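Trainee: If you scroll down you'll find the structure; I have some questions about it.
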Amino acid sequence: MTTPAKSTGLDDYSSAFDPRFGLERLSHAALARLGREYMLFGHIRDRGLMPPIAARFGVRATERISILEWMGASPIYTQRMCRAMRIEGDDVATILKSLQLDVGFPHRYMDVGYEVESERVGFFWLNCCGALLDVEPYGEKAVVSMCHAIEDPTFDATAYATNPRARVRPVHRPPRSPADRVPHCRWKISIDPANEPVPEPAITRKVRAGRLADFELDPPGLPEDDGRRDYSGPFDPAFQLDHLSRRALVVACKEFLLQSQLLARSSMLALREDYGEETARELLTTQWLALAPLSTRRLCQALAIEGDGVASILKALQLHPVFPADYLRMGFELVDAARGNFWLEECTALGDDEPRGFLSLLDDPACPGLNAMVQAINPRARCRLLGAPGSSRPRWEVIVDAQAEPAPEPAEARFVALSTVSRFQLEVS
């Protein structure tokens, strides 16, 4: 049941559709739960993109795009999160704090341990890595591709955001020997003043050129007396989202959405550079179709959004991680039980330069990604773009037609369905 107390927020979104609903309306527990889902979305979106790239261009192409994707985005979103959470410094503890708030390490799906040995030396290890469990069934080559070829440059890129002289090196990593070795891997972070500073990658500079890199979130008007107002102060190896105040949780959730948006921007830049605009859009459309069913259902489950009417569809769209709050502003209108409207309002995203990841696909009159999202709730739902394609302020109608043939789940959803994330259940705090 929904908690009605205004002072503590709502424990879910089982209440009636509210066109002005936002993260600020949720309770502390609901925000912590949703924050973990938003972190997990960072993994879901990758599982929707990398297998199609591998199927079309091979494993080496997947490695290259994955490296560019994370190298392009992670230094920027690491610095964003550090500013948002008042994480200051350039030592190992600062690097570990940022990893604790990185969508690359979704809480509980990745069971990560942390240790600070000194200002210049620290460790992290994965007692259980959901991503590894995904790739191990495909053999040693797949494991080496992820745990060696991709992680080596991307871990350094993340650490570089805090200290360009930091290095991340494996103590041990998969392939596991013995096959059930725990922890799955262990990594050492070291900072040596004698190291040459890691230069900022070209892809990072390209991603940083957009408005999103320095975009300022709207400060939530919420109290800060129910948890940590930020993550300044000592490093806590047992840090969880639940430790933050409601206000800080709203900020963290919005930053998680921007992390995924930066990754989408980075991957589209890389795909466009290697394969051209048309292929990049095709692959991002495939990714959106792949991630839409699972991510939408998980969101509805996390927030107790029940039913298959337009009201439930609009509620899911309001909080879906494809649409990063504040950066992208949307309006919603429930016309009746079978019809509603939603649209883009004036916002930073509209004035940002291309590419904008999934947001670059919103001008498609066929609405494939949007349809995959709404049909995860009701297979008889359809979205229709209103007005001329290419409009700077697009508007859509969503209709549930009881007489329509139910739409099948997109074939692309199989890419995500193969992942352990499709069966993973977050424990309720």
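Trainee: From the list ALA404, ALA338, ALA411, ALA417, which one is within 23 Å of ARG47 (Cβ to Cβ) and either modelled with pLDDT of 95 or more or among the polar types (S, T, N, Q) (or both)?
Mentor: Of ALA404, ALA338, ALA411, ALA417, the one residue that is within 23 Å of ARG47 (Cβ to Cβ) and either modelled with pLDDT of 95 or more or among the polar types (S, T, N, Q) (or both) is ALA411.
Trainee: Is there a residue in the stretch 231-244 that is among the aliphatic types (A, V, I, L, M) and touching a residue at least 24 places away in the same chain (Cβ under 8 Å)?
Mentor: yes
Trainee: Considering only the stretch 120-145, state which residues are over 13 Å from LEU418 (Cβ atoms) and either without any contact (Cβ under 8 Å) to a residue 24 or more places away in the chain or part of a strand (DSSP E or B) (or both).
Mentor: Across the stretch 120-145, the qualifying residues are VAL121, GLY122, PHE123, PHE124, TRP125, LEU126, ASN127, CYS128, CYS129, GLY139.
Trainee: Pull up the stretch 334-383, narrow it to residues that are touching a residue at least 60 places away in the same chain (Cβ under 8 Å) and among the acidic types (Asp, Glu), then point me to the one that is surrounded by the most Cβ atoms within 10 Å (Cβ to Cβ).
Mentor: This residue is ASP352.
Trainee: Next up: Can you tell me which residue within the stretch 151-172, out of those that are assigned to a helix (DSSP H, G or I) and among the polar types (S, T, N, Q), is surrounded by the fewest Cβ atoms within 10 Å (Cβ to Cβ)?
Mentor: THR154
For every residue, the table says whether it meets (1) within 21 Å of the chain's Cα centre (by Cα); (2) surrounded by 15 or more Cβ atoms within 10 Å (Cβ to Cβ); (3) under 15 Å from ARG45 (Cα atoms).
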| position | (1), (2), (3) |
| --- | --- |
| ILE203 | yes, yes, no |
| LYS206 | yes, yes, no |
| SER232 | no, no, no |
| GLN240 | yes, no, no |
| SER266 | yes, yes, yes |
| TRP288 | yes, yes, yes |
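Trainee: Follow-up question, since we're still on this one. Checking LYS254 against (1) modelled with pLDDT of 95 or more; (2) part of a loop (DSSP other than H, G, I, E, B), which test does it fail?
Mentor: Of (1) modelled with pLDDT of 95 or more; (2) part of a loop (DSSP other than H, G, I, E, B), only one is false for LYS254: (2).
Trainee: While we're here: Looking at (1) at pLDDT 95 or above; (2) among the aliphatic types (A, V, I, L, M); (3) over 19 Å from the mean Cα position of the chain (by Cα); (4) closer than 26 Å to GLN259 by Cβ, which is the one condition that is false for VAL428?
Mentor: Single failed check for VAL428: (1).
Each row is one residue, and each column tells you yes or no for (1) in a helix (DSSP H, G or I); (2) aromatic (Phe, Trp, Tyr); (3) surrounded by fewer than 20 Cβ atoms within 10 Å (Cβ to Cβ); (4) touching a strand residue (DSSP E or B) at 6+ places or on another chain (Cβ under 6 Å).
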| site | (1), (2), (3), (4) |
| --- | --- |
| GLU24 | yes, no, yes, no |
| ALA30 | yes, no, no, no |
| ARG33 | yes, no, no, no |
| ARG36 | yes, no, no, yes |
| ILE44 | yes, no, no, no |
| LEU49 | yes, no, no, no |
| GLU69 | yes, no, no, no |
| TYR77 | yes, yes, no, no |
| GLY89 | no, no, yes, no |
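Trainee: Right, MET110: closer than 30 Å to GLU196 by Cβ, hydrophobic (A, V, I, L, M, F, W, C) and either crowded, with 18+ Cβ neighbours inside 10 Å or within 18 Å of the chain's Cα centre (by Cα) (or both) or not? Break it down stepwise before answering.
Mentor: Working: closer than 30 Å to GLU196 by Cβ: no; hydrophobic (A, V, I, L, M, F, W, C): yes; either crowded, with 18+ Cβ neighbours inside 10 Å or within 18 Å of the chain's Cα centre (by Cα) (or both): yes.
No, not satisfied.
Trainee: Across the stretch 108-139, what is the total count of residues that are among the small types (Gly, Ala, Ser), out of contact with any helix residue (DSSP H, G or I) (no Cβ under 6 Å at 6 or more places or on another chain) and closer than 22 Å to TYR38 by Cα?
Mentor: Filtering the stretch 108-139 down to residues among the small types (Gly, Ala, Ser) leaves 113, 118, 122, 130-131, 139.
Next, only the ones that are out of contact with any helix residue (DSSP H, G or I) (no Cβ under 6 Å at 6 or more places or on another chain) stay: 113, 118, 131, 139.
Now restrict to residues that are closer than 22 Å to TYR38 by Cα: 113, 131.
Of the residues in the stretch 108-139, 2 are among the small types (Gly, Ala, Ser), out of contact with any helix residue (DSSP H, G or I) (no Cβ under 6 Å at 6 or more places or on another chain) and closer than 22 Å to TYR38 by Cα.
Trainee: Which of the residues spanning the stretch 173-216 are among the acidic types (Asp, Glu) and either in a loop (DSSP other than H, G, I, E, B) or in contact with a Leu (Cβ under 8 Å, 6 or more places away or on another chain) (or both)?
Mentor: Once the filter is applied, which keeps residues that are among the acidic types (Asp, Glu) and either in a loop (DSSP other than H, G, I, E, B) or in contact with a Leu (Cβ under 8 Å, 6 or more places away or on another chain) (or both), the stretch 173-216 yields ASP180, ASP192, GLU196, GLU200, GLU216.
Trainee: When you check THR286 against the structure, is it more than 20 Å from GLU409 (Cα to Cα) and β-branched (Val, Ile, Thr), yes or no?
Mentor: No: the conditions fail for THR286.
The values are calculated or read from the model by the stated rules, or taken from the named source; none is laboratory data. For clarity, every value in this text was computed on a predicted model and none was experimentally measured. Using ideal geometry, Cβ is built from the backbone for each residue, glycine included, and neighbour counts are taken over all protein chains shown.
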